[in-house]
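A quick write-up on the structure given underneath.
Any read-out appearing in this document is the output of simple, stated calculations on the displayed coordinates, not a laboratory observation. What you are looking at is a predicted structure, and each value in this text was computed from that prediction instead of being measured. Methodologically, a virtual Cβ is constructed for each residue, glycine included, from the backbone with ideal geometry; neighbour enumeration extends over all protein chains shown.
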Amino acid sequence: MMSQVSVIVPIYNPGEKLICCLKSIVDSSYADIEVILVNDGSTDESAAMCDYFKKMDDRITLLHTNREGSIMARNKGLKAAQSPYVMFVDADDWISPHMIRMLYASAVYADSDITVSNNFRALHYKGPHRLNRSDYFRSRKLYLEDEIRSSLVPAFLQGHPFPPNLFGKLYKREMLLSSGSYLRDIHFFGDDLYYNLEMFLKAKSVLVIPEALYYYRTGGFTERYMPYLFHDIVSGYRIQKQVIDEYYSDNRQQMMDGVSIMLFNLLQTCLLNVMRSSLAAEEMRAEIIRHCQHESIREALSNEGVIRHFGADYLDAVRVCDVRYLYKLGRKLYHRSMGRKIALKAASLLPV
């Protein structure tokens with residue numbers, strides 16, 4: 001008999017956090033599930049942990065890939081899924097015992113294409129847990145087509161506090177299978193956001209419930225140089241422009257202000273990314289110049305929202321490719337990120 005919910009867990013080197021994740025899923029109060037683990041070329045003990053859980057629970061299917069990345073790992077899991085509803089869980093997070101039951105019951109009752117729960121942020125399993133206090137989760141609300149486009153989709157374009165992640169949501173399987181065109185030019189950065197953006201534009205109904213049922217583990221941000229980061233950021237900007245032109249022509253300027261500000265915020269992330277690289281000084285210089293000269297950056301420089309939002313020194317430095325100024329900014333961001341990393345590490349070791 002077919003299960004009602006497929007739970008897909010893409011896995012790449014989560015370490016012992018995976019045990020907490022998988023235990024929270026198999027111990028769920030709703031048992032009519034299939035669990036699809038996609039081990040994406042992990043080099044830690046993840047494969048052994050997956051094997052252990054698979055032997056203990058016949059609801060688990062284990063798939064292996066050769067480090068193809070999150071998009072391909074997720075898609076492999078989706079192709080194997082048989083249930084009418086699908087949810088994703090990140091391998092270092094965990095879920096409430098009642099999450100699957102509550103989301104499934106709510107989705108069936110409302111016949112919603114996508115059902116969204118609130119979430120907690122946590123450094124580790126024993127707490128403390130910080131509730132997401134976004135206004136979107138003040139009460140249970142069913143959004144229909146026009147209101148999805150007017151109230152929820154703009155959050156993906158303007159940086160509003162509506163979660164862009166795949167986790168914490170239950171999808172009708174056909175919504176996932178019929179979407180993904182925006183991901184064709186994305187390697188990894190923003191893949192959740194642009195997958196959701198397309199599905200929310202297509203959805204006829206989205207149910208948001210106030211209960212916090214998903215535990216998102218903070219502090220897992222990468223410290224590695226990401227060679228495709230700038231590519232994905234400008235590709236995302238083009239996707240957002242395409243959506244605005246197609247769906248929001250009536251208030252195009254306001255929407256473009258939001259995505260342009262987001263682009264220039266992420267440009268600073270790209271400067272930080274360059275500082276994390278092993279590139280030689282001249283290669284760093286060339287990379288910074290390449291960023292500044294990109295057509296999307298040049299276009300957004302003249303955006304009214306960008307001009308109002310950012311200091312003239314930063315914008316002038318980008319405009320004239322002032323490598324010295326932008327390098328110093330990147331180093332400042334780098335040192336700040338290292339301080340945050342140390343603080344998070346210390347906090348995670350505190351007794352509870």
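Brief remarks on what is shown
- Taken over region 229-348, the percentage of Cα pairs per 10 Å bin, counting from 0 up to the bin with the maximum distance, is 13, 40, 30, 14, 2.
- Selection of chymotrypsin sites (Phe, Trp or Tyr not before Pro), region 166-221, meeting DSSP coil and at most 10 other Cβ within 10 Å: Phe221
- Correct option for percent of Cα pairs over 39 Å apart [calculated from the coordinates] among [x] 6; [y] 17; [z] 22: [y]
- Taken as entire DSSP H runs, the helices of the chain that both span 20 Å or more between Cα atoms along their own long axis and average 0.5 or more on the Kyte-Doolittle scale are 252-275.
- DSSP bridge orientation in the chain - percent antiparallel, rounded to nearest 5: 40 percent
- Cα-derived Rg to Rh of region 65-176, Kirkwood definition: 0.96
- Taking the convex hull of Cα positions in region 1-59, its mean projected area over all directions (nm²): 3.9 nm²
- At q = 0.14, 0.16, 0.19 Å⁻¹, base-10 log of I(q)/I(0) for region 108-239 (Debye sum, equal scatterers on each alpha carbon): -0.69, -0.89, -1.19
- Each residue in His187, His335 was given a count of other beta-carbon atoms within 10 angstrom of its own, and listing them fewest first yields His335, His187.
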